[in-house]
There are 2 protein chains.
Amino acid sequence: MSKIPYKIYLNESEMPTAWYNLRADMKTKPAPLLNPGTLEPMPASDLAPVFCDELIQQELDNDTRFFEIPPEIRDFYKMYRPSPLVRAYCLEEKLGTPAKIYYKFEGNNTSGSHKLNSAIAQAYYAKKQGLKGVTTETGAGQWGTALSMACSYFGLDCKVFMVKVSYEQKPFRREVMRTYGASVTPSPSMETKIGQKILHDHPGTTGSLGCAISEAVEVATSTPGYRYVLGSVLNQVLLHQSVIGLETKAALDKYGIKPDIVIGCAGGGSNLGGLIAPFMGEKLRGEADYRIVAVEPASCPSFTRGKFAYDFCDTGMVCPLAKMYTLGSNFIPAPNHAGGLRYHGMSPVLSQLYHDGYMEAISVKQTDVFAAAEQFARVEGILPAPESAHAIKAAIDEAMKCKETGEEKTIVFGLTGTGYFDMVAYEKFHDGKMDDYIPTDAELEASFATLPKVE
Amino acid sequence: MSKIPYKIYLNESEMPTAWYNLRADMKTKPAPLLNPGTLEPMPASDLAPVFCDELIQQELDNDTRFFEIPPEIRDFYKMYRPSPLVRAYCLEEKLGTPAKIYYKFEGNNTSGSHKLNSAIAQAYYAKKQGLKGVTTETGAGQWGTALSMACSYFGLDCKVFMVKVSYEQKPFRREVMRTYGASVTPSPSMETKIGQKILHDHPGTTGSLGCAISEAVEVATSTPGYRYVLGSVLNQVLLHQSVIGLETKAALDKYGIKPDIVIGCAGGGSNLGGLIAPFMGEKLRGEADYRIVAVEPASCPSFTRGKFAYDFCDTGMVCPLAKMYTLGSNFIPAPNHAGGLRYHGMSPVLSQLYHDGYMEAISVKQTDVFAAAEQFARVEGILPAPESAHAIKAAIDEAMKCKETGEEKTIVFGLTGTGYFDMVAYEKFHDGKMDDYIPTDAELEASFATLPKVE
């Protein structure tokens, strides 16, 4: 067999033409979203004031296995996809491991992450519906940047509510969004009723993701021609992100490679759900077996220490309830610069699969994550996002186990993005000022006590 | 013929195995470097205390057409190369032009630019010579980042003198370099005699590139096992950067495409010289004709308003003299955020070619450059570095001429890097606070008066 190249690129003709809906192969489907008022499953009509119509269909459809990717989206994908599947030859050599390590690198676009895969899809359906614009929230800024790029491409207005502390600490992220024509408002703001109330009750607050979601939803539902869009957790997002896994599998198949372990970092689940989709599909259908590993921060351990229960998706408790692994919607993670992995809950699809034993989950400490990030950067060149580095840490650990046992396992992990906008966290790490906060059992119990009573 | 894909990638087997030395095909060779003390041409022995031995050979060799790329460097190249040659379908559609626009995108690596192509080569030869480390200066930070990555890969120590104002204004750049293990010192510093002198004479100075060069050279020549390396201007750098043009030409040849115009931004000439190398080679050998266009900032117009004369390469006047288009080594460009294009001189190779009529040069205003950058970002997705955006501006202008005339010209330009660390400049542009300073004739005449008298 010919030597595996450093980077496996698909040709345009080999790129996926349909997204894969993992739910179609699940024996136990993810539990339905519940109306926060009635606690009844939400039909499409309940969701229509908030979300775009076609996205609601994708959200609720547990049966259709493939959704065709519209040509307009495929054209956009061609500007930054296929992303490379990289053979980590240099890392393998550095570790001295017999393991074969691959990573799917999603950072080669201006948003710096995989978020663009779903942003362009959501913007497309909003445009197709004849909407004027969309609203969203952003914390670390990757999702807001991705959505700004997507809206700019389709000529949609884009209103981003950015958590105030990030707005102030990450002015560069804000300027990138402005470059793409988005309006960026620090949250809480005086532009919404909920923002005004929060500012009145908590003067001087630096905001939270939950508050920003509430503001974005309020503007979407009260402004004609606008809808709200979200970058993770939702079923539709996992559907769009399946392009990551489909490309990964196609690239591996091209060289006859079958992975033993597939590893992804897990915050709300957008990357993990996309990366593992086709592998999990084969596993669900009994066609193949893989170890599938979710990696989460020890500071926000939804899978490994959370409860599988119905909970609110936002801290403001205005959004639908989802059944998922959750730390409680009141859970506030410790200051943790892996911004994308701070969500209290987890995708309902992934939660169900984990509950049913189809995947594993581990948690890792932040300083170990940054040490792995730096080790990776120095041999593989790419400066990883802190989120992505959780998967790096787990992959290195698995590779070192192979070194002990002599096993030549094939490890595939998702490198979701780049860390250019996370240098404050790297600086703390270099200066020895980063800590490893882990919530106590008592803290988690207190948070679980606020879970809504739903059967 | 099959449709040209959005991105043309070469296979690893199609990647260049040798760098192309444009000087071998020049009828009039670039003038030799002169010893600043004797004003005599510098033999290798004069350069040995400053530069690595094998790089000196490359610097002085005007005859060898191809230099084999060592396998260790080719392996590193494979981690981030080949870079894509992108067909700008979306930009073409937006402009409504019949022109066909391609760009070679060098920003898909952590240094964010093409600088890594030469950094890895220079680090390799330093390592091969058994050196302990290298020193360099950096302004905007792209070169320093690239060199840090390269040194980290080969286990070399890397000392970067960073212009103090950049060190303070771009802490993220500094942290990226630290992540790769480099030491970063704000210049002027107390670590060198020249730094001490400057701080004594000009307390409170925020530094300059010229001062940082002087400090880096002093440390390299006074520390056993160290040499100095430079990211532009030098012949050796253009040699390494020829990989850009060789890949571009191979990708075009694969689809039978012959460009009419090749456009590159020009600061010291590292990108431009690399991009145009094989095209210029054909032109010099009379095998083909191309319009070759250098684009420089109106605020620092070496080609379009400079003199072709011997001048110092640094403001400290300790480095060799080069014959080049120059604004005078005392020329201080206006505050201009296109950091990489602020150099007072120009590659001697490119200067000779321009002098001999083989290429054109134009200058463009900064606000026009940022307007083009934003227009490009919104349709092509990539957020360009301000340097790169000079080429974008010129390419768009050429494409709009084609729209008027109906000509279906093929335009190729170099997109050297990304603008993630330049958001302060973008912010000024968005806020209408960016100006278009252009030096007056009187200012240039005053600067020319300081040119050394050499015949």
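Values in this text are rule-based calculations from the coordinates and carry no lab data. Everything numeric here is computed off the predicted structure, so don't read it as measured data. Don't worry about glycine lacking a Cβ; one is built from the backbone with ideal geometry, like all the others, and counts go over all protein chains shown.
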Among the Cys residues of chain A, which have no other cysteine Cβ under 4.7 angstrom away?
A:52, A:90, A:211, A:265, A:300, A:402
Could you state the principal axis extents of the C-alpha atoms in the protein assembly as shown, from the largest down, to the nearest angstrom?
92, 64, 60
Measuring nothing but label to label, 7 Å from Cα along Cα→Cβ, what are residue B:171's distances to the other copies in nm, shortest first?
1.3
Helix axis angle, A:386-405 relative to chain A longest principal axis, alpha carbon, degrees
30 degrees
For region B:25-30, take each phi angle, set θ = phi - 60°, evaluate the Karplus expression 6.51 cos²θ - 1.76 cosθ + 1.60, and give the result in whole Hz per residue in order, putting x for glycine and proline.
9, 7, 5, 9, 6, x
Chain B: longest segment with zero exposed trypsin sites (Lys or Arg not before Pro), where exposed means DSSP loop plus at most 10 other C-beta atoms within 10 Å, is residues B:28-284
Long-range amide H partners of residue B:18, meaning residues 5 or more apart or on another chain whose placed amide H is closer than 5 Å, are B:69
Once amide H atoms are placed 1.01 Å from N in the peptide plane, what residues at a sequence separation of 5 or more from residue A:101, or on another chain, have their amide H within under 5 Å of its amide H?
A:88, A:411
Inter-copy distances for residue B:201, nm, shortest first, label points 7 Å along Cα→Cβ, are 6.4
Quick check for me: using +1 on Lys/Arg Cβ and -1 on Asp/Glu Cβ, what's the dipole size of chain B about its Cα centre, in debye to the nearest 20?
680 debye
Please turn the phi angles of region A:131-139 into ³J(HN,Hα) values with the Karplus equation 6.51 cos²θ - 1.76 cosθ + 1.60 (θ = phi - 60°), one per residue in order, whole Hz, x for glycine and proline.
6, 8, x, 9, 10, 7, 10, 8, x
Scalar couplings 3J(HN,Hα) for region A:243-249 by Karplus 6.51 cos²θ - 1.76 cosθ + 1.60 (θ = phi - 60°), nearest whole Hz, x for Gly and Pro, are 4, 5, x, 4, 5, 4, 5
Take every DSSP beta bridge whose two residues both sit in the protein assembly as shown, then give the antiparallel share in percent to the nearest 5.
35 percent
Take B:120, B:438 and order them by how many other Cβ atoms sit within 10 Å, fewest up front.
B:438, B:120
Could you work out how far apart the two model spin labels at residue A:368 and residue B:442 are, taking each label as a point 7 Å from the Cα in the direction of the beta carbon, and quote it in nm?
6.9 nm
What gaps in nm, shortest first, separate residue B:40 from its twins in the other copies when you place the label 7 Å past Cα toward the beta carbon?
9.9
Beyond 24 Å between alpha-carbons counts as too far, so tell me which of A:78/A:100; B:197/B:323; B:7/B:249; A:29/A:453 fall in that bin.
A:78/A:100; B:197/B:323
Virtual spin-label span in nm between residue B:28 and residue A:255, 7 Å along Cα→Cβ
5.0 nm
So what are the three principal axis dimensions of region B:196-278 from its Cα atoms, in whole Å, longest to shortest?
60, 30, 14
Rounded to the nearest 20 debye, what is the charge dipole size of the protein assembly as shown about its Cα centre when +1 sits on each Lys and Arg Cβ and -1 on each Asp and Glu Cβ?
480 debye
To the nearest 20 debye, what is the magnitude of the charge dipole of region B:266-362 about its Cα centre, counting +1 on the Cβ of each Lys and Arg and -1 on the Cβ of each Asp and Glu?
160 debye
Only counting other Cβ atoms within 10 Å, I'd like A:111, B:183 sorted with the fewest neighbours first.
B:183, A:111
Between residue A:282 and residue A:205, what is the label-point separation in nm under the 7 Å Cα-to-beta-carbon projection?
4.8 nm
Degrees separating the helix A:142-154 axis from the principal Cα axis of chain A, which is the longest one:
80 degrees
For residue A:193, give me every one of the lysines with a C-alpha distance below 18 angstrom, ignoring sequence neighbours fewer than eight places off in its own chain.
A:159, A:164
Percent of alpha carbon pairs in chain B separated by more than 30 Å?
39 percent
Could you state the number of Å between the C-alpha centres of region A:45-97 and region A:247-288?
13 Å
At a Cα cut-off below 16 Å, give the lysines reachable from residue A:27, other chains included and same-chain residues fewer than 8 away excluded.
A:283
Answer with one residue from B:119, B:96, B:60: the one whose Cα lies farthest towards the positive end of the charge dipole of region B:32-133, charges on Cβ with Lys, Arg +1 and Asp, Glu -1.
B:96
Contact order normalised by length for chain B, with contacts defined as Cα pairs under 8 Å and 6 or more residues apart; what percent is it?
19 percent
Ranked B:388, B:232, criterion: other C-beta atoms within 10 Å, fewest first
B:232, B:388
